[in-house]
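To keep things clear, I will list the structure first and then write my remarks on it.
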Amino acid sequence: MAKLKKLQLCDIDPPDKPMREFMDPKKMNELAESMAAEGLKQPIAVVEDGIRYKVVFGDRRYAATNTGDSSAATNTGEEGCAISLGIEGRARGAVGCWLTLAEWKKQKDRWHRVDVKTVRVDGEAIKADTFYMLQDGKFVEARS
């Protein structure tokens, strides 16, 4: 029998092979908004993968979590992209992955996106399997 366990999103990796070839951006935004307003109605199924977890069911819901504020995106594919565009978003990936992050500043009680940058994980300047944030226009290591 499956058991429910609360996990941090940053401890969960996407499936090795996406279950869907295309995820409609409009529908993904609608799902993210619904999850933000009403919570997650059906849990995401994962399996243990060493000290981490891997999605086996619910990859659309998992992907939708990476669209909001304080999101954490991960990609383990050689040419993959980990994209987090929300406030205080974080991203990490394997060597060869691309990380895309946004930087936000609060001005007059409103948040405004001031920068968006992409960098390739090379294993040296940008370390593999390390979360990064965009601060002052630079990729900096973030808490995991």
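Is it the case that Ile51 is modelled with pLDDT of 80 or more, in contact with a Lys or Arg (Cβ under 8 Å, 6 or more places away or on another chain) and more than 20 Å from Val140 (Cα to Cα)?
no
I'd like the full set of residues that are touching a Lys or Arg at 6+ places or on another chain (Cβ under 7 Å) and more than 11 Å from Gly93 (Cβ to Cβ), limited to segment 105-136.
If the condition is that a residue be touching a Lys or Arg at 6+ places or on another chain (Cβ under 7 Å) and more than 11 Å from Gly93 (Cβ to Cβ), then His112, Val114, Met133, Leu134 are the ones that fit.
Does segment 57-72 include one or more residues that are at pLDDT 75 or above and not in a helix (DSSP H, G or I)?
Yes, there is a match, as at least one residue in segment 57-72 is at pLDDT 75 or above and not in a helix (DSSP H, G or I).
The values are calculated or read from the model by the stated rules, or taken from the named source; none is laboratory data. Model, not experiment: these values are computed from the prediction. Cβ coordinates were reconstructed from backbone atoms using ideal geometry, including for glycine residues, and neighbour counts include every protein chain displayed.
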